[in-house]
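J.: Sharing a structure below in structure tokens format, with a few things to ask.
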């Protein structure tokens, strides 16, 4: 995977969550994901597709981080991962990839995103049909932690 | 969802599995999916994205159908859902959507597909971030059953 494709997602994650939630967001060092299970308690996954690449982005939150983020988004306190929180994870996934998509487009890579899926539960096995590595970037806010996970494969045009 | 978009996936499913596995495949009547959980024991999910629509296709097999299909694909008997079977579900998902993509393109809808995800287990909760209905089509082969599930949303170009 071209690591320069990672930057637009890192920047979009910081920018979207800082703006939406008035939360300071810091990114850690990217690493290769070593297993195939969901990192956090709620995970949004979105497919990325263009004529030349195929891939996905996932964002996976621990309970503390997502409850804080959604409470700030809706200016209302959320204390459990309910349907509204799950749906907000889908919306956050959409907004981050939409933001990254604009930057990728400026880099000359025009791609589209599919409908986000949201999985609930830590350690849910999610196999990806790719031999490409999955890069994981850890993030931290005062309340908790989350990660984004990106994989891209260049494909032949069919 | 435009139901005419369903036909290319039904035809591709029948054509790909009949050809790959020398199995007679019959399709039942499409219905609206009523819950958010995986129908079968192994499920492949792939994102579909174009400038004008966003969506996903899932194909979900009971154990009997997928073990028969993969045994015929590899001309070797599989008796349990192992990594090879899970990976074959990803490949089947890719080939079916690739086939449907060509027909959609002939209908004037140029779209791309993301990397397939494969989920193992019946009844795994998969939330989709869409208000569009999910259409489910049941299929039968002599050995067992499977379904495909499709959802599409028209989107504004951003």
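J.: Using only the alpha-carbon atoms, how far is helix B:63-74 inclined from the longest principal axis of chain B? Give it as 0 to 90 degrees, nearest 10.
T.: Helix B:63-74 sits at roughly 80 degrees to that axis.
J.: Taking 8 Å as the Cα distance limit and 6 or more residues as the minimum spacing, I'd like the relative contact order of chain B as a percentage.
T.: 39 percent
J.: Against the longest alpha carbon principal axis of chain A, how many degrees, from 0 to 90 and to the nearest 10, is the axis of helix A:83-106 turned?
T.: Helix A:83-106 sits at roughly 40 degrees to that axis.
J.: Running Debye on region B:23-116 with equal point scatterers at the Cα sites and no solvent, what base-10 log of I(q)/I(0) appears at q = 0.14, 0.15 Å⁻¹?
T.: The calculated log intensity ratios at q = 0.14, 0.15 Å⁻¹ are -0.60, -0.68.
J.: Can you list, shortest first and in nm, the gaps between the label point of residue A:122 and those of its counterparts in the other copies, using a point 7 Å from Cα in the C-beta direction?
T.: 2.9
J.: Roughly how many Å is it from the Cα centre of region B:92-158 to that of region A:8-52, as a whole number?
T.: Each part reduced to its Cα centre gives a spacing of 24 Å.
J.: Could you work out the helix-only [θ] at 222 nm for chain B, with each DSSP H run of four or more residues adding -39,500 (n - 2.57) and the total divided by the number of residues, to the nearest 500 deg cm²/dmol?
T.: My calculation for chain B gives -11000 deg cm²/dmol from helical runs alone.
J.: Related question: Considering all projection directions equally, how large on average is the shadow of the alpha-carbon convex hull of region A:75-123, in square nanometres?
T.: 4.9 nm²
J.: Can I ask one more? Could you tell me what % of all Cα pairs in chain B have separations over 22 Å?
T.: Beyond 22 Å sits 36 percent of the P(r) for chain B.
J.: Now a separate question. Which translational diffusion coefficient, to the nearest whole µm²/s, is obtained for region B:14-71 from the Stokes-Einstein equation, given a Kirkwood hydrodynamic radius over C-alpha pairs, 4 °C and 1.567 mPa s?
T.: Here the translational diffusion coefficient equals 96 µm²/s.
J.: Right, something else. Just to be sure I understand: with springs between alpha-carbon atoms less than 10 Å apart, which residue in B:32, B:23, B:13 has the highest mean-square fluctuation in the Gaussian network model of chain B?
T.: Comparing B:32, B:23, B:13 in a Gaussian network model of chain B, the most mobile one is B:32.
J.: So what are the three principal axis dimensions of the protein assembly as shown from its Cα atoms, in whole Å, longest to shortest?
T.: Answer, in whole Å and largest first: 57, 37, 34 Å.
J.: Sticking with this one: Where does helix A:6-21 land angle-wise versus the long Cα axis of chain A, in degrees 0 to 90, nearest 10?
T.: 20 degrees
J.: May I ask you to report, in nm to one decimal and beginning with the shortest, the distances from residue B:22 to the same position in the other copies, taking label points 7 Å along Cα-to-Cβ?
T.: The projected label point of residue B:22 is separated from its counterparts by 6.9 nm.
J.: Taking just the alpha-carbon atoms of region B:67-158, what radius of gyration and Dmax come out, in angstrom?
T.: 15.6, 49
J.: Then there is this: If you build a Gaussian network model of chain A, linking Cα atoms that sit under 10 Å apart, which residue out of A:29, A:43, A:52 swings the most?
T.: Of A:29, A:43, A:52, the most mobile in the Gaussian network model is A:29.
J.: Put a dot 7 Å past each Cα toward the Cβ at residue A:79 and residue B:34; how far apart are the dots in nm?
T.: That separation, rounded to one decimal, is 3.5 nm.
J.: Between residue A:132 and residue A:87, what length in nm is gained on full extension when 0.36 nm per residue of separation is reduced by their alpha carbon distance?
T.: Going from the current span to full extension adds 13.3 nm.
J.: Taking beta carbons within 10 Å but only from partner chains, what does the mean come to for residues A:43-54?
T.: Whole-number average of other-chain Cβ neighbours for A:43-54 is 5.
J.: Shifting gears a bit: In a GNM of chain A with a 10 Å cut-off on Cα contacts, which of A:78, A:139, A:61 has the highest mean-square fluctuation?
T.: Sorting by GNM fluctuation, first place goes to A:78.
J.: Using a 10 Å cut-off on Cβ to Cβ distances, tally the other chain neighbours for every residue of B:121-128 and report the average as a whole number.
T.: 5
Each value in this text was obtained by applying a stated rule to the coordinates, not by laboratory testing. The model shown is predicted, which means the values in this text are computed figures rather than measured ones. Heads up, the Cβs are rebuilt from the backbone with ideal geometry, glycines too, and the neighbour counts pull from every protein chain shown.
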